[in-house]
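Notes follow once the structure below has been shown.
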Amino acid sequence: MTLDPEHARVALDATGTAEHARQVRKAAVASTVGTTIEWYDYFLYGTAAALVFPQLFFPNASPYVALLSSFATYFVGFLARPVGAAIFGHWGDRIGRKVTLIVTLLLMGISTALIGLLPGQASWGDAAPVLLIVLRILQGIAVGGEWSGSVLLSMEWGDQHRRGLMGSWPQLGVAIGLILSTGLMALFNTVAGKSGFLSWGWRVPFLLSLVLVAVGLYIRLKVLETPMFAKVVAERTVERMPVWLVIRRHPKAIVLSALVRMSEQMPFYIVTAFVLSYLTGPEHGFSRNFVLIGTLVAAGVEFVLVPYFGHLSDSVGRKKIYMAGAAIMGVWGFAYFAMLDSGIGWLVFLALCLGLVPHAIQYGPQASLIAESFPTRLRYGGAGLGYQLASVIAGGPAALVATYLIHQFGTGYAVAVYIAVSAVITLAACAALTDHSRSDITDDAIYATRGR
């Protein structure tokens, strides 16, 4: 099953016309809205895992064990992300970006809403955390298939001299999703109060996911397939087993794409998930809203910086921008935890607000840096696998490892060392990754220079 060649020609015929310009705008909006919804759902879980799930699903354990258990369910979603990348990467390179992205959006929205309806262990016993894990796995599979499709929808429709900027638009979904999820959690924490938030307040943002999904579906249904993939379909060169083929032909690009994310993804989940429990615990004693609002401001800063650095990478080069961000991240961890552990309220809040700046420097050009490493007919699967494999080694264990390090060493500097090590890995991987910032990434050009 694949996209009908006649429908593919509709997208090709739009190239260079006023309709093409409209489709570029629609693709940018559709990809950004879609990733916003996916990440909104995903980040809701992270916030709840730090603030709610230990008491709701693991009430009989000690606070430390309950938090570890909660973050373990969080980790499960990351383990599922490469599975989602493989499943939807196959279909995204077989039937197209658009249809596949509609499925991932539905899967994420329904899974998130069901988490919002899930009773705690007091009502359903051990079945409650088991179902939580199942739904978290479905979330991971959905977001695993979402990212590369959204990036390609925007990047393959847009001006090929501005791929860094076009690829950064769906990356904004992270900032917007974080703003919406954190803002709504802060709002319902205030409205419901401490006890009300634990019983029902946290559930409302999860249920609102269904409304966002309806909006996202409406927008995505109006976008045509990308011209690059439409050309592959029209020429009848779609691969039968694209994921297997990309693993065979581009293993180096997949591995390097995963390793290059170490200093971007791992610190991100320390800032947006682990720090929520770190600062609201008895050692620091800050209120939930204090930390949530600081995180909200950080997401707003990232919203501005991500497209800026994506745009800058079109003129300066992806690798230069990315490696600068990784180097800054390696040093930033020490300053960040010094500020968090200072006990001075305004300094802690400033750290929260600036926590994602080094991440934004890397995240802006990252989509294009990774996606450009693969040919069109294998790009959905290749980019998705590389991007999502990082979840297993970087983002997934981040909150668990940070919790363990604090418990063992009693200082945030232990986590800062963890961040610094990730930066070294990223710098080495990025140095080995080919920069295609100024290359023609159509399949014809790629095969002409690399061989079929």
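The values are calculated or read from the model by the stated rules, or taken from the named source; none is laboratory data. These figures come from a predicted structure and were not determined experimentally. Note that each Cβ is placed from the backbone with ideal geometry, even for glycine, and that neighbours are counted across all protein chains shown. When the accessible area is computed, the model is the full protein with side chains, heavy atoms only, and any ligands, DNA or RNA have been set aside. Shrake-Rupley method; radii C 1.70, N 1.55, O 1.52, S 1.80 Å.
Residues of segment 165-188 that are over 18 Å from Y308 (Cα atoms) and more than 11 Å from the chain's Cα centre (by Cα): I179, L180, S181, T182, G183, L184, M185, A186, L187, F188.
Matching residues to (1) out of contact with any Asp or Glu (no Cβ under 9 Å at 6 or more places or on another chain); (2) within 16 Å of G92 (Cβ to Cβ); (3) surrounded by fewer than 24 Cβ atoms within 10 Å (Cβ to Cβ):
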| position | (1), (2), (3) |
| --- | --- |
| L117 | yes, no, yes |
| S123 | yes, no, yes |
| I133 | yes, no, yes |
| S148 | yes, yes, no |
| G164 | no, no, no |
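Pairs are defined by a Cβ separation below 6 Å, a sequence spacing of at least 6 or placement on different chains, a first member in segment 164-184 that is closer than 21 Å to I293 by Cα, and a second member that is modelled with pLDDT under 85 and part of a helix (DSSP H, G or I); the pairs so defined are G173/T35; G173/W39; V174/W39; G177/W39; G177/F43; L178/F43; S181/F43.
Selection over segment 404-441 of residues that are open to solvent by 10 Å² or more (accessible area, probe 1.4 Å) and farther than 22 Å from S257 by Cα gives a count of 11. Within the option set L210, L224, being more than 20 Å from G294 (Cβ to Cβ) and either free of Cβ contacts under 8 Å to residues at least 40 places away in the same chain or crowded, with 16+ Cβ neighbours inside 10 Å (or both) holds for one residue only, L224.
Residue-by-condition table, conditions (1) modelled with pLDDT under 90; (2) surrounded by 24 or more Cβ atoms within 10 Å (Cβ to Cβ):
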position: W39; (1), (2): yes, yes
position: P63; (1), (2): yes, no
position: S69; (1), (2): no, no
position: V83; (1), (2): no, no
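Taken over segment 351-372, the criterion of being more than 21 Å from T35 (Cα to Cα) and either open to solvent by 10 Å² or more (accessible area, probe 1.4 Å) or modelled with pLDDT under 90 (or both) is satisfied by C353, L354. Looking at segment 395-405, is at least one residue touching a residue at least 24 places away in the same chain (Cβ under 8 Å) and farther than 22 Å from Y42 by Cα? Scanning segment 395-405, I find at least one residue that is touching a residue at least 24 places away in the same chain (Cβ under 8 Å) and farther than 22 Å from Y42 by Cα, so the answer is yes.
Total residues in segment 285-333 satisfying the condition of being basic (K, R) and surrounded by fewer than 17 Cβ atoms within 10 Å (Cβ to Cβ): the figure is 1. Every condition in (1) at pLDDT below 95; (2) open to solvent by less than 10 Å² (accessible area, probe 1.4 Å) is met by V260 except one, and the failing one is (1).
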